[in-house]
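Note sheet for the following structure.
The values are calculated or read from the model by the stated rules, or taken from the named source; none is laboratory data. Bear in mind that the values here come from a model prediction, so they are computed numbers and not experimental data. Every residue, glycine as well, gets a Cβ built from its backbone with ideal geometry; the counts of neighbours run over all protein chains shown.
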Amino acid sequence: MTGPVLQVRNLRVEYATPSGPAQAVEDVSFDLAQGEFLAIVGESGCGKSTLLFAVAQLLTYPGSLAGGSVLFDGVDFTSLSPEELRQHRWRDISVVMQSAMNALNPTLTIAAQLADACRAHTDWNDERIEQRSAEVLSMVAIDPVHLKSYPFQLSGGMRQRAMIAMALLLEPKLVIMDEPTSALDVVAQRSLMHQVETLRRQLGFAVIFVTHDMSVVSHYSDRLAVMYAGEVVELGPTREVFDHPEHPYSRGLMEAFPSLLGERRQLTGIAGNPPSLVNPPVGCLFADRCAHANDECRTVRPELITYGEHQVRCHLVARSKQP
Ligand SMILES: Nc1ncnc2c1ncn2[C@@H]1O[C@H](COP(=O)(O)OP(=O)(O)O)[C@@H](O)[C@H]1O
Ligand SMILES: [Mg+2]
């Protein structure tokens, strides 16, 4: 067995705001095995994108790392210079960010953009670059004739797939994707996910995937992390978290999505709003919205506790599991 490709430890990210630092990511730790697919879910503003930016070391002002480490193959990315990081980007880690379909340069052909990335990170000659560019486009089911196309000549779904082709150009070990399918219609989403999954199985890269789409989570991810107010409140094998969510927030979240296979259920949603990230409450960050919160929940911040392969940050769950 080889070790994990990624080890995130006690990661914390702050945004400077006029009213003080906002804790957007708070004490997040997880490992990612080679070839593993980790999905991250949680309501808008809970820190999913910020976490991905921090893992890829792409944070910019007003965001900054406030603590923790990101070990990729044992190398701590948080201690590397921008030039050292550049060596790892694309080759080891690549990132497909939210609204990726607008991230292509409108003034360059697809071939020119793929070639730029190759030249920046390899010493390949023109022939090899062209060959590899055609290959990655074919991988995402785009006909290589589109190497000559400009982004506006491609549909939204094709642009999204072109971004994924770019991310796979140098065969990275980890591909980070932030809601890459959210701008697409359902049919294009399904087809894109199917391609990502086929390629993952073929090429063996690991994936961290942020999505709102619970059917994507349930079909493709090995493990699922649920975030709330900057914290991971639950993390475990996807099937387990789906079938037996433990944290009251995860339970609410699962109930808010209609089950694809199960019987129809009432959509409940979760009343209330997340806490201020500038002046967070001292206790559990979910306590205000939790029907089961008690005095301990309101005064003591719960730790992430491990049960087998499952981790949960909740006093009530912790107490119920005590022998
Ligand atoms: N540039 C910024 N300046 C200040 N706060 C920010 C900035 N970007 C994000 N935030 C805050 O950080 C929190 C997490 O944001 P984000 O990571 O985008 O969440 P998500 O991707 O889960 O929707 C939110 O409360 C958001 O308002
Ligand atoms: Mg986001």
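Among the residues of the range 6-21, what is the count of those that are farther than 27 Å from residue 93 by Cα and either in contact (Cβ under 8 Å) with a residue 60 or more places away in the chain or more than 11 Å from ligand 1 (Cβ to nearest atom) (or both)?
Adding up the residues that qualify gives 4.
Condition test on residue 74, is it of a type outside the set (Val, Ile, Thr), in contact with a strand residue (DSSP E or B) (Cβ under 6 Å, 6 or more places away or on another chain) and within 30 Å of residue 9 (Cβ to Cβ)?
It is false that residue 74 is of a type outside the set (Val, Ile, Thr), in contact with a strand residue (DSSP E or B) (Cβ under 6 Å, 6 or more places away or on another chain) and within 30 Å of residue 9 (Cβ to Cβ).
Can you name the residue in the range 74-95 that is farther than 25 Å from residue 136 by Cα and not hydrophobic (A, V, I, L, M, F, W, C) and, of all such residues, is nearest to ligand 1 (Cβ to nearest atom)? Don't jump to the end; show me each part of the working.
Pass one, the range 74-95, residues farther than 25 Å from residue 136 by Cα: 74-84.
In the following step, the residues that additionally are not hydrophobic (A, V, I, L, M, F, W, C) were identified as 74, 76, 78-79, 81-84.
Details: 74: 27, 76: 22, 78: 18, 79: 23, 81: 24, 82: 20, 83: 25, 84: 25 Å.
That would be 78.
Criterion first (out of contact with any His (no Cβ under 7 Å at 6 or more places or on another chain), closer than 30 Å to residue 74 by Cβ and surrounded by fewer than 19 Cβ atoms within 10 Å (Cβ to Cβ)) does residue 123 satisfy it?
Judged against the criteria, residue 123 is a match.
Mind counting the residues in the range 290-316 that are touching a residue at least 24 places away in the same chain (Cβ under 8 Å), over 24 Å from the mean Cα position of the chain (by Cα) and surrounded by fewer than 18 Cβ atoms within 10 Å (Cβ to Cβ)?
Within the range 290-316, residues that are touching a residue at least 24 places away in the same chain (Cβ under 8 Å), over 24 Å from the mean Cα position of the chain (by Cα) and surrounded by fewer than 18 Cβ atoms within 10 Å (Cβ to Cβ) number 2.
Based on what the data block shows, is residue 79 within 16 Å of the chain's Cα centre (by Cα) and surrounded by fewer than 17 Cβ atoms within 10 Å (Cβ to Cβ)?
Taking the combined requirement at face value, the residue does not satisfy it.
Let's see how each residue does on (1) crowded, with 20+ Cβ neighbours inside 10 Å; (2) of a type outside the set (A, V, I, L, M); (3) within 25 Å of residue 121 (Cβ to Cβ):
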| site | (1), (2), (3) |
| --- | --- |
| 170 | no, no, yes |
| 183 | no, no, no |
| 186 | no, no, no |
| 196 | yes, no, yes |
| 200 | no, yes, yes |
| 205 | yes, yes, yes |
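Scan the range 127-150 for residues that are of a type in the set (Gly, Ala, Ser) and at pLDDT below 95 and jot them down.
Hits for the range 127-150 are 138, 141.
Is one or more of the residues making up the range 37-50 more than 16 Å from ligand 1 (Cβ to nearest atom), under 27 Å from residue 238 (Cβ atoms) and in contact with a Ser or Thr (Cβ under 7 Å, 6 or more places away or on another chain)?
Yes, the range 37-50 contains at least one residue that is more than 16 Å from ligand 1 (Cβ to nearest atom), under 27 Å from residue 238 (Cβ atoms) and in contact with a Ser or Thr (Cβ under 7 Å, 6 or more places away or on another chain).
Of the numbered conditions (1) on the phi > 0 side of the Ramachandran plot; (2) touching a Ser or Thr at 6+ places or on another chain (Cβ under 7 Å); (3) crowded, with 18+ Cβ neighbours inside 10 Å, residue 13 satisfies every one except a single condition; which is it?
In the conditions (1) on the phi > 0 side of the Ramachandran plot; (2) touching a Ser or Thr at 6+ places or on another chain (Cβ under 7 Å); (3) crowded, with 18+ Cβ neighbours inside 10 Å, residue 13 misses (1) alone.
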